[in-house]
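The values are calculated or read from the model by the stated rules, or taken from the named source; none is laboratory data. Keep in mind the model is a prediction, meaning the values are calculated, not measured. So basically every Cβ, Gly included, is an ideal-geometry build from the backbone, and we count neighbours across all protein chains shown.
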Amino acid sequence: MTDKKFGPQAIDIMKKASVPVKTKKIIAGKFRRFHKISLLKQLLTISTMLQNFRDLFYTCIGFLQSFWLLMRFKPDVVFAKGGFVCVPLGFAAYLLKIPLVIHDSDAHPGLANRILARWATSIATGSPLENYTYPPGRTHYVGIPVNSTFRPVEAAERQRLKAALGLHDTKKPLLVVTGGGLGARNINRAIIAIAPQLLDKIAIVHITGAYSYQETVEQASEHIDYIIKPFISSGMASLFGAADIVITRAGATTMQELAAMAKTVVIVPNPFLTGGHQLKNAAVYEKTDAAIIVDEDKLVANPDVLRRVVEQLLRDSKRRAQLAKHLYRFAKSEAAVDTAALIVEAVATRKHQQSA
């Protein structure tokens, strides 16, 4: 159950998982709030108000769909990762007295998880507990589960992975750029602008997102060391493994994957998402010197800001190693096991209560 825009990609990912997962879709609506835009201005924006009002009805429909699906499948437990699509499902689980376990990946608790937390049997977090206000007795810092293929890669293996990508010079450093599943237009445009100055020093694999792919291909320089792809549903561990430097948004799961691989990372957080959660995610890494942060407004005004950061990292291997070492401290190799333990515990507690 997922965001409509990301739905096709999520379904594709689930089909290609090591254990294929069946998917069902529900209708859901979100409450639009934009960081860096005043509440008064948002309230006076008629289009936003109308969309929020419409989405309230969508959420009600999603609740009815969720209620029916839970009655039909009779699950022992419901696990929710946050996001507006989880609210109607979580509420249906609460009414049906099905244990609810939620996981909050971001350093800033989202509205959906804040709503669901009051009904949750257990709450798992992706960042240290100091970043949350959830009830201490039900909250556990487990990290973010990532596939075991995300692991540190030695130099020799990195060269093999570069060769598998089709790069002609495997000794040349590789920059991987990704803006998440839907892409990041401002990052894409900045890379297009600075690539000609970088390609004599570094190869680039640029993941644009499906919505910006055609625009990027049409505007980008053609070069043997510049590979452009719209989206990768499998094989991200190999791509990140081949990378010497990664430019990314501050998505919590992506950052945990990069932490598990001990990568040198440059973050361009999205400044407009609700609650500024990517800014807060990025701040967690910045204050521990685990990544370099580039402000998006400065990037839009002058893409060379990003070029200079990449060139400085290329010149300073010790700095790259230092950032990678600090980021690796955030890796939680047992996150999946610890999260699963909370789910199993919730089921066991329910069965014990039913038999009592």
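Ala124 falls short on exactly one of the conditions (1) assigned by TED's automatic domain parsing to the domain that holds Thr339; (2) within 25 Å of Ser18 (Cβ to Cβ); (3) free of Cβ contacts under 8 Å to residues at least 24 places away in the same chain, and that condition is (3). Per the conditions (1) surrounded by fewer than 16 Cβ atoms within 10 Å (Cβ to Cβ); (2) at pLDDT below 95; (3) not aromatic (Phe, Trp, Tyr), the sole criterion not satisfied by Gln197 is (2). Checking each residue in region 332-354 for being at pLDDT below 95 and in contact with a Lys or Arg (Cβ under 9 Å, 6 or more places away or on another chain) picks out Ser333, Arg350.
Listed here are the residues, each with its yes/no results for (1) exposed (fewer than 14 other Cβ atoms within 10 Å of the Cβ); (2) part of a loop (DSSP other than H, G, I, E, B); (3) touching a helix residue (DSSP H, G or I) at 6+ places or on another chain (Cβ under 8 Å).
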residue	(1), (2), (3)
Ala120	no, yes, yes
Ile123	no, no, yes
Ser127	no, yes, yes
Tyr134	no, yes, yes
Gly137	yes, no, no
Arg151	no, yes, yes
Arg158	no, no, yes
Leu175	no, no, yes
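In region 77-90, the residues that are among the aliphatic types (A, V, I, L, M) reach residues that are in a strand (DSSP E or B) with C-beta atoms within less than 6 angstrom, at least six apart or across chains, in these pairs: Val78/Leu100; Ala80/Ile102. Summed over region 186-224, residues that are closer than 22 Å to Ser238 by Cβ and among the aromatic types (Phe, Trp, Tyr) total 1. For beta carbons closer than 8 Å, sequence separation of 6+ or different chains, a first residue in region 1-28 that is assigned to a helix (DSSP H, G or I) and a second that is of a type in the set (Ser, Thr, Tyr) and at pLDDT 75 or above, the qualifying pairs are Ala10/Thr23; Ile11/Thr23; Ile13/Ser234; Met14/Thr23. Between residues in region 209-231 that are farther than 17 Å from Ile247 by Cα and in the same structural domain as Arg185 (by TED's automatic domain parsing) and residues that are part of a loop (DSSP other than H, G, I, E, B) and of a type in the set (Gly, Ala, Ser), which pairs lie under 6 Å by C-beta distance while being six or more apart or on different chains? Once the first residue is farther than 17 Å from Ile247 by Cα and in the same structural domain as Arg185 (by TED's automatic domain parsing) and sits in region 209-231, its partners that are part of a loop (DSSP other than H, G, I, E, B) and of a type in the set (Gly, Ala, Ser) give Tyr211/Gly183.
Screening region 257-356 for helices (runs of 4 or more DSSP H) wholly inside it with 2 or more residues that are surrounded by fewer than 21 Cβ atoms within 10 Å (Cβ to Cβ) and under 20 Å from the mean Cα position of the chain (by Cα) returns the ranges 277-286, 317-328, 335-355.
Contact annotation: residue pairs with Cβ atoms under 8 Å, 6 or more positions apart or on different chains, pairing a residue in region 132-149 that is farther than 16 Å from Ile343 by Cβ and touching a residue at least 40 places away in the same chain (Cβ under 8 Å) with a partner that is polar (S, T, N, Q) and surrounded by 15 or more Cβ atoms within 10 Å (Cβ to Cβ), are Val146/Thr253; Val146/Gln256; Thr149/Ser238. Looking at the structure I just gave you, is Phe240 farther than 20 Å from Asp304 by Cα, assigned to a helix (DSSP H, G or I), of a type outside the set (Lys, Arg) and in contact (Cβ under 8 Å) with a residue 40 or more places away in the chain? It is true that Phe240 is farther than 20 Å from Asp304 by Cα, assigned to a helix (DSSP H, G or I), of a type outside the set (Lys, Arg) and in contact (Cβ under 8 Å) with a residue 40 or more places away in the chain.
Residues in region 296-315 that are of a type in the set (Asp, Glu) and farther than 16 Å from Pro271 by Cβ: how many?
Taking region 296-315 first, the residues of a type in the set (Asp, Glu) are 296-297, 304, 311.
Add one more test, that the residue is farther than 16 Å from Pro271 by Cβ, and what stays is 304, 311.
So the count comes out to 2.
When region 83-102 is filtered for residues that are surrounded by 24 or more Cβ atoms within 10 Å (Cβ to Cβ) and in a loop (DSSP other than H, G, I, E, B), the ones remaining, listed by number, are Val85, Pro99. Of all residues being of a type in the set (D, E, K, R) and in a loop (DSSP other than H, G, I, E, B) in region 194-229, which is farthest from Leu175 (Cα to Cα)? Just the residue, please. This residue is Glu222.
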